[in-house]
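The values are calculated or read from the model by the stated rules, or taken from the named source; none is laboratory data. Remember, it's a predicted structure, so these values are computed and weren't measured experimentally. Reconstructed Cβ throughout: ideal geometry from the backbone, glycine too, with neighbour counts over all protein chains shown. With ligands, DNA and RNA removed, areas are computed over all heavy atoms of the protein, side chains included. Shrake-Rupley method; radii C 1.70, N 1.55, O 1.52, S 1.80 Å.
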Amino acid sequence: MTQSAEQAPNSVKHVVIVGGGFAGLHCARKLAADPNVRVTLLDKNNYQQFQPLLYQVASALLAPSNIAFNLRVEAKKYPNIDVRLAEVVSVDLKSRTVQTANGGHHQGDFLVLAAGSQANFFGTPGAEQNTYPLYSLQDAERLRSRVLAMLESAHRDQSLIDKGALNFIIVGAGPTGTEMAGAFADVVHGWKSKKGSAKMYKDLAFERTQIFLVDGGHAVLSAFSPSAQAYAANKLTTRGVEIHLGTRVKEVGSGYVALAEGSRIPTHTVIWAGGLKASSLSGNLGISTGHGGRIDVENDLTVPGFTGVYALGDFANIAGEDGRPLPQLGSVAEQSGKCCAKNILLDIAGEPRVPFQYLDKGIMAMIGRNAAVAEVGKHRHELEGAVAFAAWLGVHAALLGSTRAKLEAFMEWAWAYFGGSFDAAILDRPEELQINWKDDAEE
Ligand SMILES: Cc1cc2nc3c(=O)[nH]c(=O)nc-3n(C[C@H](O)[C@H](O)[C@H](O)COP(=O)(O)OP(=O)(O)OC[C@H]3O[C@@H](n4cnc5c(N)ncnc54)[C@H](O)[C@@H]3O)c2cc1C
């Protein structure tokens with residue numbers, strides 16, 4: 001048993017939380033307000049990443065430090081939260097014990113599983129090896145370097161444009177893919193402007209840049225209203241994004257994407273925003289999981305059959321009012337974290353747990369400069385255009401952890417809005433420059 005568990009006096013209940021994301025961190029903070037609870041917060045990273053803004057790191061609008069926050073700093077004002085940097089590799093749900101990759105194990109009176117999501121490639125040949133998913137900070141940094149590597153390559157040898165150096169393909173037209181396409185369209189607009197990158201990459205044929213958005217469904221932003229979908233599609237098209245709907249990606253090769261409709265697009269940058277499943281830990285729990293590899297939880301967020309075990313956020317299928325699983329959203333994760341903490345405190349007090357009730361504040365998506373869609377509240381009051389754009393900036397800045405993070409994000413957004421250059425355009429993964437262009441000729 002670990003020191004942290006051994007040290008807890010009998011009257012103090014020990015809660016082990018796996019994952020310091022939206023769900024785990026909110027749960028830990030609420031529990032920590034009770035001095036009779038001691039929390040061990042385990043995460044494989046020493047930071048909480050703010051996923052809604054990953055695409056802004058990938059498009060060099062924000063720096064990684066704008067969207068990732070040190071967990072120890074987040075927890076430092078709570079003496080009863082012990083943050084541990086550790087990857088959990090297996091879990092014994094019965095004894096509420098987790099095993100970590102570095103050989104440690106932690107046993108709690110309560111165990112909270114909040115390990116989030118990872119990309120789901122749905123078995124698409126070549127996708128795992130040849131695409132850039134956008135679900136973690138490392139993903140965003142790698143993609144940023146890849147895009148910059150493409151500019152450098154095309155600037156060095158413009159014949160590489162024929163091999164797709166300036167073709168960027170985004171798979172999945174949900175909020176992540178649509179936001180990425182819109183941000184990219186803005187970035188490309190900046191590249192083409194005389195004031196911007198055209199000055200930095202002299203004589204590069206930026207006008208040959210192409211952005212493709214591909215989805216097997218029949219609309220962009222399928223979770224939104226038809227008018228929001230039409231608005232988004234129109235804005236993207238006007239800004240130069242080529243939208244391919246109703247066609248699946250059949251295969252991703254090292255220098256191309258093959259679509260089910262039969263076309264083949266040369267490219268070395270395929271961004272995968274095609275779907276999510278529970279993080280890999282869900283395969284090591286010794287129980288059968290539900291849709292997307294997530295744990296089907298009871299309405300009080302407990303894992304059926306295991307006393308004192310909860311699952312939250314993206315790691316769980318949490319039923320909404322209509323009985324269908326709620327979507328993987330930061331607001332669901334945050335609220336489930338708080339509800340779980342409440343139920344653990346009720347368990348300790350020997351009182352009945354309360355069911356989780358999701359307060360739906362609505363959904364929003366950014367399409368690019370001055371363009372966004374929002375559906376506010378349970379009754380989905382619709383906003384679009386500059387008003388929704390301003391609302392998006394406000395809501396996302398408000399969600400950022402510290403005042404400093406909010407100010408920095410606003411400064412960067414304002415800088416970009418008024419035409420500033422992308423200072424965060426740093427190619428810090430030189431391996432992204434290693435591209436075998438010869439492969440394409442043979443394909
Ligand atoms: C690109 C993108 C854009 C999004 N945009 C929005 C948006 O605009 N609005 C919105 O509401 N939601 C949005 N979401 C969804 C939202 O970010 C998630 O629903 C939310 O982050 C889920 O919170 P979570 O705590 O369940 O998981 P996460 O925030 O993913 O946290 C999980 C944590 O678990 C850790 N972890 C995983 N496995 C292990 C392990 N084995 N051992 C130890 N630690 C582990 C991870 O390091 C991570 O810190 C977006 C998501 C993505 C990917």
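Worth a mention:
- Check on Thr209, open to solvent by 40 Å² or more (accessible area, probe 1.4 Å) and within 22 Å of Ala183 (Cβ to Cβ): no
- Val16 meets each of the listed conditions (1) within 13 Å of the ligand (Cβ to nearest atom); (2) of a type outside the set (Lys, Arg); (3) within 21 Å of Leu329 (Cα to Cα); (4) in contact (Cβ under 8 Å) with a residue 60 or more places away in the chain apart from (3).
- Enumeration of residues in segment 263-299 that are aliphatic (A, V, I, L, M), closer than 30 Å to Met150 by Cα and over 20 Å from the mean Cα position of the chain (by Cα): Ile265
- Residues in segment 353-375 that are closer than 22 Å to Ala23 by Cα and not hydroxyl-bearing (Ser, Thr, Tyr): Arg353, Val354, Pro355, Phe356, Gln357, Leu359, Asp360, Lys361, Gly362, Ile363, Met364, Ala365.
- Qualifying residue in segment 329-340 (condition: over 19 Å from the mean Cα position of the chain (by Cα) and more than 24 Å from Arg29 (Cβ to Cβ)): no
- Figure legend. Inter-residue proximity from segment 197-226: first residues more than 14 Å from Val187 (Cβ to Cβ) and touching a residue at least 60 places away in the same chain (Cβ under 8 Å), second residues open to solvent by less than 10 Å² (accessible area, probe 1.4 Å) and part of a helix (DSSP H, G or I), beta-carbon distance below 7 Å, spacing 6+ or different chains. Indicated pairs: Leu221/Thr178; Leu221/Ala228; Leu221/Ala232.
- Within segment 227-268, considering residues that are of a type in the set (S, T, N, Q) and out of contact with any Gly (no Cβ under 6 Å at 6 or more places or on another chain), the one surrounded by the most Cβ atoms within 10 Å (Cβ to Cβ): Gln229
- Any chance Phe224 is crowded, with 18+ Cβ neighbours inside 10 Å, within 22 Å of the chain's Cα centre (by Cα) and under 30 Å from His379 (Cβ atoms): yes
- Total residues in segment 57-105, condition within 11 Å of the ligand (Cβ to nearest atom), at pLDDT 95 or above and open to solvent by less than 40 Å² (accessible area, probe 1.4 Å): 6
- The set of residues in segment 363-375 being part of a strand (DSSP E or B) and at pLDDT below 90 consists of Gly368 alone.
- So Tyr231, is it in contact (Cβ under 8 Å) with a residue 12 or more places away in the chain, away from the ligand (no atom under 16 Å from the Cβ) and in contact with a Lys or Arg (Cβ under 6 Å, 6 or more places away or on another chain): no
- Residue check, Ile169 over 19 Å from the mean Cα position of the chain (by Cα), over 25 Å from Ser279 (Cβ atoms) and not charged (D, E, K, R): no
- When Glu251, Glu242 are screened for being without any contact (Cβ under 8 Å) to a residue 40 or more places away in the chain, in a strand (DSSP E or B) and more than 30 Å from Gly313 (Cβ to Cβ), only Glu242 passes.
- Hits in segment 320-350 - residues which are within 16 Å of the ligand (Cβ to nearest atom), open to solvent by 40 Å² or more (accessible area, probe 1.4 Å) and under 24 Å from Ser288 (Cα atoms): Pro325, Pro327, Gln328, Leu329
- Segment 269-291: number of residues that are more than 12 Å from the ligand (Cβ to nearest atom), open to solvent by 10 Å² or more (accessible area, probe 1.4 Å) and either under 30 Å from Ala165 (Cβ atoms) or small (Gly, Ala, Ser) (or both): 3
This table checks each residue for (1) away from the ligand (no atom under 16 Å from the Cβ); (2) on the phi > 0 side of the Ramachandran plot; (3) outside any helix (DSSP H, G or I).
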position: Gly123; (1), (2), (3): yes, yes, yes
position: Arg144; (1), (2), (3): no, no, no
position: Met150; (1), (2), (3): yes, no, no
position: Ala154; (1), (2), (3): yes, no, no
position: Leu160; (1), (2), (3): yes, no, no
position: Gly164; (1), (2), (3): yes, yes, yes
position: Ile169; (1), (2), (3): yes, no, yes
position: Met180; (1), (2), (3): no, no, no
position: Ala183; (1), (2), (3): no, no, no
